[in-house]
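Colleague: Below you will find the structure I want to go over with you.
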Amino acid sequence: MSESPPHKAMRRSRTHQSPQDSLQRDGYSNSSNRNNNDDEDQQMDNIAATMDLAETISLTESIRGHVEEAGLRYHAYHAGKYPFPNDVVEQDRDDLIHHVLETICGSVYFAPVENMLRADGGRALDIGTGTGAWCLATRCPVADLFPQATFVGSDLSPIQPETVPPNVQFVIDDFEHEDGWADDPETYDYIHARRVLITVYDVATLMKHAFDHLKPGGWIELQEFTNTIECDDSSYTEETTYRVRDFMQLLGQGLAAIGTDIHASNNIEQHLTAAGFTNITRQQFKVPVGRWPEDEVKSSCGEMHRESMHDGLVGLARKPLRALNWTNLQTEMLLVEVRQHLNDSSFHVYMVFNVICAQKPYA
């Protein structure tokens, strides 16, 4: 039996059999023994209310709880679905990379959705919202750019702020689950997903769900790293010993063993087309790894990118490499060398960040 999405389940009211219905079922008359049974009815009402409260508390704990595993913390709802941690280290990384990408790309969105989100009833969905940085980041929060619109952030992990603007709401849900799209079809003007595809098990179905839940003329925007190491000079070649590249390749193999594709963004256009989208575009940005760029802004972004990778190595590696039958000791021995190469600015390397936009036709 499938598990209901928590934000729907918590809103759903259970229908309990009333004490009178129960008595009638057992052969008692509503008119007889009424006075004698008033106390019993009240007791049964109290029991039912207590059961409801206990069920709600249990549900809340299952959603908002976490799973601790060998020093790392993971989401509890649909536990194991997302292979990376959701602890403070990972949350800090999420916020840091948001700042890097906003600076390098010059914007937090690229789809032409301004008119839609400024109109009455404009709605946007951020799937895999994480900390909610895309909606709420202090420098350029989209929720502030479009105060008339409603922004919904969906994630498996309850790691979003509790205090949010009135036009922002967060739900704990699994967008790959059969009931994970709680809203009616054609609800949203804009669907956004960033650094999500490498953890998606069925990209084609996800694109179809997105298509169905966009209004005619609405846009989807996918922002994803290519997840390969690139270089434009001779400081790094394919023959160079560079453990960061080796780690990325192993990470891809581990994710494949789990059932996802680290390079899912490479051929996303075919899934978008198959789902029915048109006007598909792709923009690419070079995100440096390390301080090597001469440009001060790019150098600063490169250092933050390096830091985010460095701090996340253990969490990124743990489950994917375990899927390749690596022990924690073997993994840590590799990561020692990965850290050394991450800290070496003589490698002028970068990663490509892709912004793919597509539109649902009006007709």
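The values are calculated or read from the model by the stated rules, or taken from the named source; none is laboratory data. Remember, predicted model here, so these are calculated numbers, not experimental data. Cβ atoms come from the backbone with ideal geometry, glycine included; neighbour counts cover every protein chain shown.
Colleague: Please verify whether Asp311 is more than 23 Å from Ser107 (Cα to Cα) and touching an Asp or Glu at 6+ places or on another chain (Cβ under 8 Å), treating the condition exactly as stated.
Modeller: Numbers: more than 23 Å from Ser107 (Cα to Cα): yes; touching an Asp or Glu at 6+ places or on another chain (Cβ under 8 Å): yes.
It is true that Asp311 is more than 23 Å from Ser107 (Cα to Cα) and touching an Asp or Glu at 6+ places or on another chain (Cβ under 8 Å).
Colleague: Could you run through the stretch 171-213 and say how many residues are among the aromatic types (Phe, Trp, Tyr) and part of a loop (DSSP other than H, G, I, E, B)? It would help to see each step written out before you state the result.
Modeller: Quick first cut of the stretch 171-213, residues among the aromatic types (Phe, Trp, Tyr) only: 175, 181, 188, 190, 201, 211.
Remaining after also requiring part of a loop (DSSP other than H, G, I, E, B): 175, 181, 201.
Adding up the residues that qualify gives 3.
Colleague: Any residue that is assigned to a helix (DSSP H, G or I) and within 27 Å of Cys301 (Cα to Cα) - is there at least one of those in the stretch 118-128? It would help to see each step written out before you state the result.
Modeller: Going residue by residue through the stretch 118-128, those that are assigned to a helix (DSSP H, G or I) are 118.
Narrowing the set further to residues that are within 27 Å of Cys301 (Cα to Cα) leaves none.
No, the stretch 118-128 contains no residue that is assigned to a helix (DSSP H, G or I) and within 27 Å of Cys301 (Cα to Cα).
Colleague: Filter the stretch 97-149 for residues that are surrounded by fewer than 19 Cβ atoms within 10 Å (Cβ to Cβ) and among the hydroxyl-bearing types (Ser, Thr, Tyr) and give the result.
Modeller: Thr103, Ser107, Thr138 - these are the residues of the stretch 97-149 that are surrounded by fewer than 19 Cβ atoms within 10 Å (Cβ to Cβ) and among the hydroxyl-bearing types (Ser, Thr, Tyr).
Colleague: OK, next. Sort through Leu206, Leu214, Leu222 and tell me the only one that's within 23 Å of Ala323 (Cβ to Cβ) and out of contact with any Cys (no Cβ under 7 Å at 6 or more places or on another chain). Can you show your working first?
Modeller: On the way: Leu214 fails: within 23 Å of Ala323 (Cβ to Cβ); Leu222 fails: within 23 Å of Ala323 (Cβ to Cβ).
Selected residue: Leu206, the only one of Leu206, Leu214, Leu222 that is within 23 Å of Ala323 (Cβ to Cβ) and out of contact with any Cys (no Cβ under 7 Å at 6 or more places or on another chain).
Rundown of residues vs (1) among the acidic types (Asp, Glu); (2) without any contact (Cβ under 8 Å) to a residue 12 or more places away in the chain; (3) outside the structural domain of Ser107 (by TED's automatic domain parsing); (4) outside any helix (DSSP H, G or I), yes/no style:
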position	(1), (2), (3), (4)
Asp261	yes, no, no, yes
His271	no, no, no, no
Ala317	no, no, no, no
Leu321	no, no, no, no
Asn325	no, yes, no, yes
Ser346	no, no, no, yes
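Colleague: Sticking with this structure for a sec: Inside the stretch 339-348, can you point out the residues that are closer than 15 Å to Ser308 by Cβ and either out of contact with any His (no Cβ under 7 Å at 6 or more places or on another chain) or of a type in the set (Asp, Glu) (or both)?
Modeller: Asn343
Colleague: Does at least one position in the stretch 143-150 carry a residue that is of a type outside the set (D, E, K, R), in the same structural domain as Ala111 (by TED's automatic domain parsing), modelled with pLDDT under 80 and in a loop (DSSP other than H, G, I, E, B)?
Modeller: no
Colleague: Please state which one of Val314, Val349, Val338 is crowded, with 16+ Cβ neighbours inside 10 Å, at pLDDT below 95 and within 21 Å of Ile198 (Cβ to Cβ).
Modeller: Within the list Val314, Val349, Val338, the selection yields Val314.
Colleague: What are the residue pairs meeting all of these: first residue in the stretch 231-257, first residue of a type in the set (Val, Ile, Thr), second residue crowded, with 18+ Cβ neighbours inside 10 Å and in a loop (DSSP other than H, G, I, E, B), Cβ atoms under 9 Å, and 6 or more apart or on different chains?
Modeller: Here the result reads Thr240/Phe347; Val244/Ile229; Val244/Val289; Val244/Phe347, each pair linking the stretch 231-257 to a residue that is crowded, with 18+ Cβ neighbours inside 10 Å and in a loop (DSSP other than H, G, I, E, B).
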